[in-house]
1. I'm checking my understanding of the structure. Among residues of segment B:78-104 that are assigned to a helix (DSSP H, G or I) and of a type in the set (A, V, I, L, M, F, W, C), which one is surrounded by the fewest Cβ atoms within 10 Å (Cβ to Cβ)?
2. So which residues in segment A:89-107 are farther than 18 Å from B:LYS200 by Cα and of a type outside the set (Val, Ile, Thr)?
3. What's the total number of residues in segment B:53-77 that are in contact (Cβ under 8 Å) with a residue 24 or more places away in the chain and in a helix (DSSP H, G or I)?
4. Within segment B:102-153, which residues are among the acidic types (Asp, Glu) and out of contact with any helix residue (DSSP H, G or I) (no Cβ under 8 Å at 6 or more places or on another chain)?
5. Which of the residues that make up segment B:59-113 are of a type in the set (S, T, N, Q), under 18 Å from B:PRO15 (Cα atoms) and within 17 Å of the chain's Cα centre (by Cα)?
6. Please indicate, with yes or no, whether at least one residue in segment B:105-117 is more than 9 Å from every other protein chain (Cβ to nearest Cβ), among the hydroxyl-bearing types (Ser, Thr, Tyr), part of a loop (DSSP other than H, G, I, E, B) and without any contact (Cβ under 8 Å) to a residue 24 or more places away in the chain.
7. Among the residues of segment A:159-168, write down those that are away from chain B (no Cβ under 11 Å) and over 15 Å from A:PHE91 (Cβ atoms).
8. Considering every residue within segment A:144-153, establish whether at least one is free of Cβ contacts under 8 Å to residues at least 24 places away in the same chain and either surrounded by fewer than 23 Cβ atoms within 10 Å (Cβ to Cβ) or within 16 Å of B:VAL195 (Cβ to Cβ) (or both).
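The values are calculated or read from the model by the stated rules, or taken from the named source; none is laboratory data. Predicted model, so just to flag it, every value in this text is computed and none were measured. For neighbour counting, all protein chains shown are included, and Cβ atoms are generated from backbone atoms with ideal geometry for every residue, glycine included.
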Protein chains: 2
Amino acid sequence: MGVRDVPDIVIGRLPIYLRTLNLLSEAGQEFTSSQELGKRLGIGSAQIRKDLSHFGEFGKQGTGYEVSFLRDQISRILNVDRDWDVALVGFGDLGQAIANYGGFATKRFHIRAIFDSDPQKIGEEVNEGVVESIEKLPQIISENNIKVAIIAVPAGAAQEVTDVLIKAGVQAILSYAPITIIVPDNVHVQYIDPVMHLQKMAYYLT
Amino acid sequence: MGVRDVPDIVIGRLPIYLRTLNLLSEAGQEFTSSQELGKRLGIGSAQIRKDLSHFGEFGKQGTGYEVSFLRDQISRILNVDRDWDVALVGFGDLGQAIANYGGFATKRFHIRAIFDSDPQKIGEEVNEGVVESIEKLPQIISENNIKVAIIAVPAGAAQEVTDVLIKAGVQAILSYAPITIIVPDNVHVQYIDPVMHLQKMAYYLT
């Protein structure tokens, strides 16, 4: 890409734009504008134009953006115009819900390897993956060159699992464990903790 | 509270601090410092002190913060030192996983009312709630003065459900639907979309 100096907050908005462009495309709409995107997203149109300008010129004065073209360009920029293999660690209630959720595969993130420490779960097949012993994690991740992992283990196990994943070559971790995990600078982490979202909003409740 | 001018991004960090203080407290630790919190969270200690200074003086020079005191103060600031009733809309695979997830109730968010349009699901009991017809939503939300809702419906239904929730008095919405919803200024929305987190991280993958 060669555009590694784009602010992280801008990168964080690209999936939001992509999601809306996908919806517009599915609805059969051919063209859109920064004004329309802004109105749908609650983001200023100037902000959207500025964000996109980091990566090139995607619109035309007067006609705006071609929906499918801009969608494809943002997919390419985000490296999501290809399939990614994903490892899932933890196959409790939450891990099972994640493994059964169809929304990852439709966006080209395929849960190919699932790991748990419970011997009774090993061998179970789920969608595109099968549950393996946690002891096989380093080997399977490394052999299959898996770069993306989802963590659904208890808080107390999250850091240890993280360390093993990174050692095996994982560079991006989506963690559902309710704890902040420490990673080196070259590894990216994102968190899903619905309770924290509710807590933040409770501040504003009267 | 009277401190409504605190930046939203600061409010967003309070649940992160609270989570860490809860972990320290459970581990039996009595005192902490902005340095220790910063190291655990990957946030600068000066930033943490500045964030907390919006709300008062919570630490002492030399001894730092008393863990349980700071935890209680942040809980109070966030309005999470009390119980909240929560409505859940959508009882498909995702809604069922949310209803069965124990992590909300332990943090005092209680899913009391669950709504779905499928007659076969109505009457089903889950944890602290029971599935009701979506047609009863306005009445039940309003009568029980429910201010917080979780949306787990398909993208195509999310805006309509949102409008009904707000009309019934809901002020905070956590949406799992993969679409941006439009709300008035006095209503707060947070989104959970794991795919968008993966897409953002994919940008950095090599």
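1. Top of the filtered list is B:ALA97.
2. Answer for segment A:89-107, where residues must be farther than 18 Å from B:LYS200 by Cα and of a type outside the set (Val, Ile, Thr): A:GLY90, A:PHE91, A:GLY92, A:ASP93, A:LEU94, A:GLY95, A:GLN96, A:ALA97, A:ALA99, A:ASN100, A:TYR101, A:GLY102.
3. So the answer is 7.
4. Residues satisfying the conditions are B:ASP118, B:GLU124, B:GLU125, B:GLU135, B:GLU143.
5. Across segment B:59-113, the qualifying residues are B:SER75, B:ASN79, B:THR106.
6. Within segment B:105-117, one or more residues are more than 9 Å from every other protein chain (Cβ to nearest Cβ), among the hydroxyl-bearing types (Ser, Thr, Tyr), part of a loop (DSSP other than H, G, I, E, B) and without any contact (Cβ under 8 Å) to a residue 24 or more places away in the chain.
7. A:GLU160, A:THR162, A:ASP163, A:VAL164, A:LEU165, A:ILE166, A:LYS167, A:ALA168
8. No, because not a single residue in segment A:144-153 is free of Cβ contacts under 8 Å to residues at least 24 places away in the same chain and either surrounded by fewer than 23 Cβ atoms within 10 Å (Cβ to Cβ) or within 16 Å of B:VAL195 (Cβ to Cβ) (or both).
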